[in-house]
Amino acid sequence: MEIDRRRVLDALPAMIWIALPDGRAHFVNQRWSAYTGLSLKRARSLGWQAVINPEDLPCLLERWRSILAAGEPGEMEARLRSAAGEYRYFAINCSPVFDDLGRIVEWYAVNVEIEHRKRAEESLRQREVMLAAAEQDFQKALEENERNLHRILGSIPALAWAAKPDGEIEFLNRNFLDYLGITAEEAQGWGWTASVHPDDIAGLTSTLQAILASGRPGEAEARLRRHDGQYRWFLTQPHPHRGDIDNVVKWYGTIVDIDDRKRANESLREKGRNLGLIVNTIPVMVWSARPDGTAEFFNEHYLYYVGLSMGSKDWEPTTELSDYWDLTASVHPDDAAGLNATLQGIFASGRPGEAEARLRRYDGEYRWCLFRANPLHDEAGNIVKWYGTNTDIHDRKRAEEALKRSEAFLAEGQYLAGMGNISWQVGTGEILWSEPLYRIFDFEPGTVITLERIASRVHPEDLDLMGAMLDKAQRGESDFEFQHRIILPDQTVKHLHLIAHLAKNDSGQIEYIGAVLDITQRRRAEEALEKVRSELAYTTRIMSLSALTASIAHEVNQPLSGIVINAGTCLRMLAADPPNVDGARETARRTIRDGNRAAEVIARLRSLFEKKSVTIEPVDLNEAAVEVIALFSGDLQRNRVVLHTHLAGGLPFVGGDRVQLQQVIMNLLRNAADATIPVDDRPRLVVLGTELGEEGDIRLFVRDAGVGLDPHGSERLFEAFYTTKAEGMGIGLSVSRSIIESHGGRLWAEANEGHGATFSFSIHEYVRPDIPVHFSSVISTPVSASINRGFA
């Protein structure tokens, strides 16, 4: 019996070893000895520890002792040295064997190589590091992705959840809610725990509280009640999401059904001691076949994995298994023919072999598995049986696919953002960069990149900036960034933004890893935006002479206040013992600066005396409003004001001065935003819209949900020097009404039925006999998504 058992274990295409109840090894199969180079004699007792990587041995021994103490199946990971001296990662699955009295008589363990999975995970981690280097450039996009996170969690085919830092649930995806049979409101906070088995609630709560307190990922097990009332074991794995200061801002996790695994583990502990039960104890899908390749035996793990009924306790089929089952059963239809051909080739060759195919699990999911086959020979060398194992490599496959997706995502993101990654070895001068940079610099893809080639593209006026950057790198500064221009062979000028971070490679050499972003379009947009801002700034200089005195006082007040404060500070510094001459000198400079500002204000206001006539021209009121919104978006976002637009399509042009009308829109929009700032019990909402008036004129309105109008002061809103703001001058609405009335229009205010107020003005259509009427090209939309994106 012992000889047969050893021959079977030697024939299995897996590294198997057996240990005594106290954990000392007393048998290793031939595949284990062939890999490690240790004979059975050398491996016995504690001799097997010699092939364990010294860095992994302490943790491995500690885990092994805990498994022995628990007396239950367990798994370990460590790097094993091959006979050639190479260390590779293995997963070690251990299971106990009990006698009739329930005592452990032996431990069986299988070593499964996971080096490819580890490498894929490490490669994926390195790719994630590269993605993190470009995170700042994609921050805005990532914020948008954060807002879509709940929608993503709701669509994934898994039970997912999100919780606050204190652990209170704030989101369960639809699959989770449907599984439990509860509503989102019932699940909020700790309400979901009503679905936890009463015997498990205390332990689960304690474990989760410990994970929350540690701020680190963890896992917990408990039974959850399904919508049909059945309790099933689940494994939850909370993972923290950290903010900028490394604090936990949210917890995310998934729930995995482990009820079947629990049941399988309990079943394994109840098995007997014969050879079939020994094979069934090995936590691997094991099978055997006759010399011609027809299936003969599948262990329980295999049968359970594919969902076959066990029948009697020892599963003794009444007919030949090959009559209704073979090695390609439950294999994906697209893989069955290829797997069958490969296995037949292995059986015909008489040599060990392997193949990959997708196997249907008991729950209907197809998962990638590695099929390995090894022949068992008799004393004459004839093949008497084939033994094989199937290993689930689905997670490894998914890791490889995730790596490919991350590479594709990085490449697509770089292309869309007009950016590329760069690596520079300072010591050797070696430069590596991604494909988009070849396109940005107009270099031949794949050619060697040097600092000299890069300098040949840099704008002559920016060469000093590049030299300063190289000096910083030579000094070993941790981070640097700078913007510069390059000139392509066709004389096209591009603006680039470089961000680099100091790192050290595996050999300890200084290396800079960074990203180069093409900001040419952004620069052009900034220049266009600055031009529009200049046009609006000019409007502030076209005040009516009746408001000139108030304007001078308002404009000169700030620099004069600065002069007084700086002068007082300068006196205190000179009166100190000893005098603070350097500080006084700097304060005096600020005093001179504020004096110059006051002089500039007076000179600027003098230009108001230059009387210029208003230029009446056709103006697209929708287009003018959108330009003002773009300029004012930063203030709205800082004050958390949400702007909705209702711009009517097909409106005719109005007749007026475009810059003056935009000044009025800006003033109304600013007043509306200011009115919502004190509001804390409702959204700070502002609505800007246009419509066709009842008399054929064009109306623009700005409606806010702010503090509203004072019923006693609403008639004085448009009077000069009347204001409801603590720091207001009371001239904005007065000047705005003057502008609108000079255009032959009307400006008025109304209180809303609910909160806030609405300010509106109407202007006549622009009509000239020799020019046909044109209509606005802005499409009517309830909410302008392109605008609201910045205020949400």
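The values are calculated or read from the model by the stated rules, or taken from the named source; none is laboratory data. The structure displayed is predicted, hence computed values, not measured ones. Methodologically, a virtual Cβ is constructed for each residue, glycine included, from the backbone with ideal geometry; neighbour enumeration extends over all protein chains shown. With ligands, DNA and RNA removed, areas are computed over all heavy atoms of the protein, side chains included. Shrake-Rupley method; radii C 1.70, N 1.55, O 1.52, S 1.80 Å.
List of remarks:
- Filtered residue count, the stretch 481-529, keeping only those that are open to solvent by less than 60 Å² (accessible area, probe 1.4 Å) and either hydroxyl-bearing (S, T, Y) or in a loop (DSSP other than H, G, I, E, B) (or both): 7
- Residue pairs meeting the criteria (Cβ under 6 Å; at least 6 apart or on separate chains; first touching a residue at least 24 places away in the same chain (Cβ under 8 Å) and within 16 Å of A751 (Cβ to Cβ), in the stretch 675-686; second among the basic types (K, R) and surrounded by 13 or more Cβ atoms within 10 Å (Cβ to Cβ)): T676/R684
Rundown of residues vs (1) surrounded by fewer than 14 Cβ atoms within 10 Å (Cβ to Cβ); (2) at pLDDT below 80; (3) more than 15 Å from A373 (Cβ to Cβ), yes/no style:
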{"residue": "A295", "(1), (2), (3)": "no, no, no"}
{"residue": "G307", "(1), (2), (3)": "yes, no, yes"}
{"residue": "S312", "(1), (2), (3)": "yes, yes, yes"}
{"residue": "W315", "(1), (2), (3)": "no, yes, yes"}
{"residue": "T318", "(1), (2), (3)": "yes, yes, yes"}
{"residue": "L339", "(1), (2), (3)": "no, no, no"}
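- Members of the stretch 627-660 found to be within 26 Å of S738 (Cβ to Cβ) and of a type in the set (S, T, N, Q), listed by number: Q660
- Pairing each residue of the stretch 514-526 that is under 13 Å from I499 (Cβ atoms) with any residue that is in a helix (DSSP H, G or I) and open to solvent by 30 Å² or more (accessible area, probe 1.4 Å), provided the two are 6+ apart or on different chains, yields C-beta distances under 7 Å for G514/A133; A515/A133; L517/A417.
- Some residue of the stretch 281-291 being outside any loop (DSSP other than H, G, I, E, B) and at pLDDT below 80: yes
- Among the residues of this structure, S195 does not count as one that is in the same structural domain as D246 (by the TED database), open to solvent by 40 Å² or more (accessible area, probe 1.4 Å) and polar (S, T, N, Q).
- Among the residues here, A11 qualifies as over 17 Å from A91 (Cα atoms), buried (at least 18 other Cβ atoms within 10 Å of the Cβ) and touching a strand residue (DSSP E or B) at 6+ places or on another chain (Cβ under 9 Å).
- For the stretch 235-249, a tally of residues being part of a strand (DSSP E or B) and open to solvent by less than 40 Å² (accessible area, probe 1.4 Å) returns 4.
- Note on the stretch 14-79: enclosed helices (runs of 4 or more DSSP H) holding 1 or more residues that are basic (K, R) and either open to solvent by less than 30 Å² (accessible area, probe 1.4 Å) or farther than 20 Å from V284 by Cα (or both) are 40-43, 57-70.
- Any hit, the stretch 623-635, residues being assigned to a strand (DSSP E or B), among the hydrophobic types (A, V, I, L, M, F, W, C) and surrounded by fewer than 19 Cβ atoms within 10 Å (Cβ to Cβ): no
- Evaluating M466 against the criteria (1) part of a helix (DSSP H, G or I); (2) open to solvent by 50 Å² or more (accessible area, probe 1.4 Å) leaves one unmet condition, (2).
- Tabulated pairs, the stretch 204-215, first over 16 Å from V249 (Cα atoms), second assigned to a helix (DSSP H, G or I), C-beta under 9 angstrom, 6+ apart or interchain: L204/T193; T205/T193
- Selection within the stretch 367-377 - open to solvent by 70 Å² or more (accessible area, probe 1.4 Å) and touching a Leu at 6+ places or on another chain (Cβ under 8 Å): none
- Any chance P436 is more than 20 Å from T520 (Cα to Cα) and under 33 Å from the mean Cα position of the chain (by Cα): no
- Among the residues of the stretch 86-112, the ones that are in contact (Cβ under 8 Å) with a residue 60 or more places away in the chain, farther than 20 Å from K262 by Cα and part of a strand (DSSP E or B) come to 5 in all.
- Whenever a residue of the stretch 336-358 is assigned by the TED database to the domain that holds K385, its partners that are buried (at least 16 other Cβ atoms within 10 Å of the Cβ) and part of a helix (DSSP H, G or I), lying with C-beta atoms within less than 6 angstrom and at least six residues away or across chains, give the pairs G353/I346; A355/L339; A355/T342; A357/D335; A357/L339; R358/D335.
- Qualifying residue in the stretch 16-28 (condition: within 40 Å of the chain's Cα centre (by Cα) and in the same structural domain as W107 (by the TED database)): no
- Within the stretch 327-375, the set of residues being small (G, A, S) and in a strand (DSSP E or B) comprises G353, A355, A357, A373.
- Filter result for L608 (part of a helix (DSSP H, G or I) and either assigned by the TED database to the domain that holds I739 or modelled with pLDDT under 65 (or both)): yes
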